[in-house]
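Here is the structure we will look at.
The values are calculated or read from the model by the stated rules, or taken from the named source; none is laboratory data. On a predicted model such as this, the values are computed, not experimentally measured, just so you know. Backbone-built Cβ (ideal geometry, glycine too); neighbour counts: all protein chains shown. In case anyone asks, the SASA skips ligands and DNA or RNA and just uses the protein heavy atoms, side chains included. Shrake-Rupley method; radii C 1.70, N 1.55, O 1.52, S 1.80 Å.
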Amino acid sequence: MLLLILLIMIEGTWAVKLYHTWIFASLVLISSVLLAIACIRDLQRKAWPLAFSHGGLLFVLIGAMAGAVVKTDVKMVVDKHASERVAYTAKNQPLVLPMAIQLEQFTIDYYDHSDKPKQFTSVISIDGQHMLSTSVNHPARYQGWWIYQSDYDHQQQDFVILQLTNDPWLPVVYIGFLLLVAGAVLQIVRVWHSWYVLLIALLIAAIFTAASLARIELGTLVPALRSLWFFPHILIYMLAYSLLAITFVLAIGCLLNTRHQQWMSRLSVSLFTTASSLLLIGMLCGAVWAKDAWGDYWTWDAKECWAAVTWLLSLMMMHLPLKKSNWGRMIVILLTFAAMQMTWYGVNYLPSAQFSVHTYNK
């Protein structure tokens, strides 16, 4: 797990495409085997939160690895004058599609009393028979293909650039997402016995969340941010970050004050486990949102990588032996909080930021 965290940190910092190396592929393969073994043991012990979590992550890894081999991801230029069948891969290699696409209409919707675009929409015809509409965050679907509004002719608006993806393993990944969410929810339920403490923590988190959301100009969001997933993704992450901040304070207290160390340690572990589960749910919401907006649920973007590092660090504490000293747990909490700071704003200043699509909060 430490080696995997290190590789993702390097990828999130310098964008060197380590995920194409045999070292990373070997780590993912080993992780899949260990997850399968852990899942079998969880089922035997009827440890359902762990079974859902381990099984869900196993499904995601299997679906992602298989999808990386068979997935088709191409872009094509479509205009109003003729049907087009030829698309191009990322390496600019032509690919003949099993369907012909023609642009029928392209429109740009603007905000009231503003020149800022609200939405881009293309109406296309498939084989001259089927009429479909595709816009940002609302891709069209046809016979296993997802068709995305990618770009357009900024001069005459005579043509658009569409992105087409076909990933037959996507349902396996989404099954994994559902299992992971179920495991995360069960983990939250498992660690909380005094619900009034959680309510107080959530109240503090809600205040912090409201203050953060107040800074966002909701009236002029760019098309990619206009999604049903916007508020769940932001809200869940803000709650997780707030709980991590509270846990960070408690961890400092545990290290400095031995008199009240026991109850502070117990509370920090409960809060930290809750925050870890919320980090996972927030990341999955973002993955589904990214799939709707850009055609892929994971692109190794700088913010995605550091979000994964933060979550994986939080998992480390829950995998430490029960007899481990509080010092070890508290240090992991501090490291997770530091990774969270990098995820929230630090990524904007990394070398990989020039390739990131998440620098809108700079």
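Some points to look at:
Table: residues versus (1) modelled with pLDDT under 85; (2) open to solvent by 30 Å² or more (accessible area, probe 1.4 Å); (3) assigned to a helix (DSSP H, G or I).
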| residue | (1), (2), (3) |
| --- | --- |
| Leu203 | yes, yes, yes |
| Ser212 | yes, no, yes |
| Ile216 | yes, yes, no |
| Pro232 | no, yes, yes |
| Leu244 | no, no, yes |
| Leu250 | no, no, yes |
| Gly253 | no, no, yes |
| Thr258 | yes, yes, no |
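- Among the residues of the range 62-104, those identified as among the hydrophobic types (A, V, I, L, M, F, W, C), in contact (Cβ under 8 Å) with a residue 60 or more places away in the chain and out of contact with any Lys or Arg (no Cβ under 9 Å at 6 or more places or on another chain) are Ile62, Ala64, Ala66, Val70, Val74, Val77, Val78.
- Filtered by the rule that a residue be open to solvent by 60 Å² or more (accessible area, probe 1.4 Å) and modelled with pLDDT under 75, the range 184-201 gives His193, Trp195, Tyr196, Leu199, Ile200.
- For the range 142-183, a residue qualifies if it is among the polar types (S, T, N, Q), open to solvent by 60 Å² or more (accessible area, probe 1.4 Å) and closer than 26 Å to Met65 by Cβ, and exactly one does: Gln143.
- Hits in the range 94-149 (condition: touching a helix residue (DSSP H, G or I) at 6+ places or on another chain (Cβ under 7 Å), basic (Lys, Arg) and in a strand (DSSP E or B)): Lys118
- Selection of the range 112-127 for residues being modelled with pLDDT under 95 and out of contact with any Pro (no Cβ under 8 Å at 6 or more places or on another chain) yields Asp112, His113, Ser114, Asp115, Lys116.
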